[in-house]
Each structure stands twice: as structure tokens, then as C-alpha cells.
Amino acid sequence: MSANFDAIKRRYNIIGFDPALERAIDIAVQVAATDLSVLVVGESGVGKENFPKIIHDNSSRKQGKYIAVNCGAIPEGTIDSELFGHEKGAFTGAVEGRKGYFEDADGGTIFLDEVADLPLATQVRLLRVLENGEFIRVGSSKVQRTNVRVVAATNVNIADRIAKGKFREDLYYRLSSVVIHLPALRERREDIYPLFVKFASDFSAKYHCPMLTLTDDAVEELKNYRWPGNIRQLKNVTEQISILEKNRTVDAAALKPYLVSPSSTNLPALVRTEADSNESFQREILFKFIAELQREISELKTVVNHLANGTMPETHSVPLKEYPLEDNELDYQITRATVPDKSIPEPHYEESIIIEDNDLSLGTLNKAAIIKALERHNNNRKLAAEELKISERTLYRKIKEYKLNDK
């Protein structure tokens, strides 16, 4: 490869010599000189965010703005305003007009990550921008023009979205003038260990600890693992080991506990279905809520023990006055809180959890977890979504599903 090619790898911290990866970089450099729209396709965690930067920095637009937008993180009700701007009074809270990303990035490049999550109405607006550079601010009738290079990315199968009527076929063809496919980490196994060494070196410097090394059997374990979370997962695993392992030479036995098995479907993120995503969301919130319940039971037990002794702890995070109970309910809570420890089992996180169809349904637990997260953050939905480890858009959808706006 050329010196310029190697310089690009160094600049964007791209590590590896897999032919498919190098082909993707080569396409990005070649297409940069044009104004063609580019669609970057690959599973979550493969490093798609580097390629729009490569395209922008090697194009005639490099002096213009580069704006990256995560389409999946913007609520459906505000995404048109974010992308195309709005006029004063266009909606409640619009106290003044503002530019959208397409107006602000005029003369530059805009990167639309998770583009398949765009609502259909927004897709129509985007198609118009791609066709003739025209857009209209929300609440306005004035047509404006912008000269923006669009690079989009997705980690889902857009063909499935098109078949289900959730993504416009004409928009797909406009976005995919050039398609760059990024290989999954499991498809470039010889790059796994060099990536591990790079991350181990970084974390050694960050945490001021000796650098990790792997035995030969651990290296093979690393290469043979499927890596459903790709480079992002490898980085997280390396960080965990760097912090937790006292022995700085790690063998296969010590490594295995960090390599969590993927879900039973074993589907790569590129072809995941909406049902898969929803199941993952349900399980993750459920785990968090079980831990929260366990903590509250423990705290309630402490409070009741103090009451039984005629004292009150100085602080506790579950004030009884916030949870008014009838006499029989209070008796039940006291009974639950004063039984021996062995009757309150520690939460045991399995790969899957079966919950009977009763009052403590999965939907009820998820709803309660969302309510608690919102309460803890004074209804700041961004912070609540971060705590629950879901996107803001998913949180808005669940709030609407559970009719929490009414409360």
C-alpha cells in the first residue's frame, strides 16, 4: 500500500491488514474527490464513523463543516427541526428561528448515522435535498437551497425495511450511489490480536498499570470468539481485563469469563430484526430493575429494623412517606423485610428470564424502571435514556407506549 494509505490508517487509528478493510479504505479515498452520496454498511461496532471523516478530509469540501448526526438518537417529533431548521412559533417552545444541520453544513459534509431509523416523512424531505438541494424549514413556506455532501451509514438490512414499507426505495438508491461494506471483526481474525495489543497499550497508559500480555492459548481464544459487538466489544473487554486482572499475563482460562456468549439467535447486528432489538431492550431494563428491587428491599429491611428498635437511620434512599401503604400492605412489607437473609435471594442474571403472566409482567417491570429513571433525573429524558442504556428515541417510544406523558 502507498505511504498516503498508511498515513490515513494512522490518522484515523485504523488497525489491520484485512483485504476487505483495505478495500473499503481505498473506495473511501477514491470517492472523496467526487460529490457522490455514499452509504457505509456494516454491523454495529465495526468503525463506520471513521469513513465519512476520511471522505470529507480528502475532498474539496475539507475546509467546510463536517456534521455527524445520529438519526436514531433524535426523537421523531423534533428530527425535522434538527435537520432542516424551524421558524419562530412553528411549534410550542420554538421561541426563535434556528438553522438545521443541512443549512449549517452548507458547503461541507453531513454524516447521517443510523439513517434507516428516519421516519418516513423525514425521508421525503431528505430525498428532496438529495435530488435538488432544496429544503423548507419547519413552519415556513420558503424554499431554501443547500450544497451538502451526504454520507450515510446503517447497521440494519435496509432491504428488509423497504419490504416492510419502513424505508423508501427511491431514497435508498439516492443514498447508495457508492456503497462501502465494512467487514465484521470475526471476518478479519488476523486483525484481532493487533487490535487487542493497541487497546492494551492505551489502557496501560490510561490506568498507569503494566501492559497486559496473552498466552498462546489466550490469543487463540481471542481469535476464535465470534465478537458480536465487533471492535467496540473488543475494546471494552480489553479495558475490563486491564482493570480487573492482577496477573498481567492472561491465559485462556482467565480470558473466557470476559467473552460473554451472544444471544441464542446468534444473528449479527447487520441483519437483526426489530423483535431482536425489542427483546434486548426488555432484558436489559429487566436486569436493571431486578437489581433496583433488590437494593430497595435491602434498604427497606434496614429501615424496618431501626423502627423495631425505636430508632431511625440518618439517611435512606427509599423514604417510607413516599410509599403510603394500607395496614395489611405494611404488615406484608415488614414480614418480607424481616425474614432471614436466605429468603431474599441475590439476583441471578441468566441469559433469558421467564416471567409468569401475572401482575408483575415484563411490561410492568419495564414501565416501572422507566418511571424510576425519569424520577431520578427530574424527567430529563436524555439522562434517563443514558442510565437505561437505550437511545432517546427508544425511550420516547416506550413513554408513548406506556402513556407516561399523561402523568
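The values are calculated or read from the model by the stated rules, or taken from the named source; none is laboratory data. Bear in mind that the values here come from a model prediction, so they are computed numbers and not experimental data. Every residue, glycine among them, receives a Cβ derived from its backbone with ideal geometry; neighbour counts consider all protein chains shown.
None of 230, 224 is modelled with pLDDT of 60 or more, exposed (fewer than 14 other Cβ atoms within 10 Å of the Cβ), within 27 Å of residue 157 (Cα to Cα) and among the polar types (S, T, N, Q) except 224. If the condition is being aliphatic (A, V, I, L, M) and farther than 18 Å from residue 108 by Cβ, then region 124-142 contributes 124, 127, 136, 138. I need the full set of residues from region 49-91 which are among the polar types (S, T, N, Q) and either closer than 22 Å to residue 135 by Cα or surrounded by 15 or more Cβ atoms within 10 Å (Cβ to Cβ) (or both), in order please. Scanning region 49-91 gives 50, 58, 59, 70, 78, 81. Comparison of 105, 73, 94 shows that the only residue that is aliphatic (A, V, I, L, M), touching a His at 6+ places or on another chain (Cβ under 6 Å) and either closer than 20 Å to residue 393 by Cα or assigned by TED's automatic domain parsing to the domain that holds residue 147 (or both) is 94. Residues that are more than 27 Å from residue 189 (Cβ to Cβ) and touching a residue at least 40 places away in the same chain (Cβ under 8 Å) do not occur anywhere in region 39-47.
Go through region 132-156 residue by residue and tally those that are over 20 Å from residue 52 (Cα atoms) and not aromatic (Phe, Trp, Tyr). Residues that pass the stated criteria total 12. Considering only residues in region 381-406 that are touching a residue at least 12 places away in the same chain (Cβ under 8 Å) and part of a loop (DSSP other than H, G, I, E, B), the one that is farthest from residue 365 (Cα to Cα) turns out to be 391. Of 170, 217, all but one fail to be in contact (Cβ under 8 Å) with a residue 12 or more places away in the chain, assigned by TED's automatic domain parsing to the domain that holds residue 15 and either assigned to a helix (DSSP H, G or I) or surrounded by 15 or more Cβ atoms within 10 Å (Cβ to Cβ) (or both); the exception is 170. Could you say whether any residue in region 41-48 is charged (D, E, K, R), assigned to a loop (DSSP other than H, G, I, E, B), surrounded by 20 or more Cβ atoms within 10 Å (Cβ to Cβ) and touching an Asp or Glu at 6+ places or on another chain (Cβ under 8 Å)? Checked region 41-48: at least one residue is charged (D, E, K, R), assigned to a loop (DSSP other than H, G, I, E, B), surrounded by 20 or more Cβ atoms within 10 Å (Cβ to Cβ) and touching an Asp or Glu at 6+ places or on another chain (Cβ under 8 Å). Counting only helices (runs of 4 or more DSSP H) that sit wholly inside region 69-144, those with at least 1 residues that are among the β-branched types (Val, Ile, Thr) and within 21 Å of the chain's Cα centre (by Cα) are 79-84. Give me the pairs, please: first residue somewhere in region 127-148 and more than 12 Å from residue 85 (Cα to Cα), second residue anywhere and among the hydroxyl-bearing types (Ser, Thr, Tyr) and outside any loop (DSSP other than H, G, I, E, B), beta-carbon distance under 8 Å, and either six or more positions apart or on two chains. Within 8 Å, the pairs are 148/109.
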